[in-house]
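Bear in mind that the values in this text are calculations on the coordinates, not laboratory data. This structure is a prediction, so every number in the text was calculated from the model and none was measured. Don't worry about glycine lacking a Cβ; one is built from the backbone with ideal geometry, like all the others, and counts go over all protein chains shown.
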Amino acid sequence: MYFLRKGLDLLDENGILSYIFPNTFLSINNGTGLREWILENFDILQITDLSNDKTFEDASARTCIFTVRKSKTENNITEFWEIISDEKKFKKKSEFNRSFLKENIANWLTIFSYLKENYEV
C-alpha cells in the first residue's frame, strides 16, 4: 500500500485524503502495521464498503472508500457506511471510536459483517 502511505506522508496538517482501493487492506495480515500507524497518527473519518456496488460488473476486486485527516483527536469517531447497490445510495451503518478500532485492528472488514448481523442504524 505504498501509494496510501505516500499520500498520507504528503498531507498537510488537517489535510484530508480519500482513496478507493481493494477492501482487503482492511483485513490482510501484512496491513496490520499500516492500520496501526494510521490509527496512531490520523483521524479515520469514514470507511465505506463498496462490496455491493455493481458499477463495474466485470471487476473482481471488492473495494472501499477510506477517508482520513492528518490530525489526532482522542475522541475521534469513525463512521462506517455501505452502498445500497440497487438505489446507488450510501447508508450509514454505525460509528466507532478509536479504541474500538484498535481492539479490532486485525480485521476491520469483519466490522461490516458484524454490523449487518447485529445492528441497523
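Quick notes on this one:
- 0 to 90° range, to nearest 10: angle between helix 109-118 axis and the chain longest Cα axis: 50 degrees
- Each principal axis of the Cα atoms in the range 2-118 has its own extent, and those three values, largest first, are 37, 31, 26 angstrom.
- With all projection directions averaged, the alpha carbon convex hull of the range 31-85 covers 4.4 nm².
- Helix 32-41 axis, angle to the chain major axis (alpha carbon atoms, nearest 10°): 60 degrees
- Cleavage-rule hits, GluC sites (Glu not before Pro), the range 8-96, DSSP coil, Cβ neighbours within 10 Å at most 15: GLU13, GLU57, GLU74, GLU87
- Aspartates and glutamates whose Cα lies under 14 Å from that of LYS91, excluding same-chain neighbours fewer than 8 positions away: ASP49, ASP53, GLU79, GLU82, GLU120
- DSSP beta bridge pairing in the chain, given as percent antiparallel to the nearest 5: 85 percent
- In this simple spin-label approximation, PHE3 and ARG62 carry label points 7 Å from Cα along the Cα→Cβ vector, and these lie 2.1 nm apart.
- A straight chain from LEU45 to SER71 at 0.36 nm per residue would run longer than the Cα-Cα distance by 8.3 nm.
- Within the chain, longest stretch free of exposed trypsin sites (Lys or Arg not before Pro) [DSSP loop, at most 12 other beta carbons within 10 Å]: 1-53
- The residues ILE38, ILE84, when put in order of fewest to most other Cβ atoms within 10 Å, stand as ILE84, ILE38.
- Neighbourhood net charge (12 Å Cβ-Cβ; Lys/Arg +1, Asp/Glu -1) for TRP108: -1
- Helix-derived mean residue ellipticity, 222 nm - over the chain, DSSP H n ≥ 4, -39500 (n - 2.57), to 500: -8000 deg cm²/dmol
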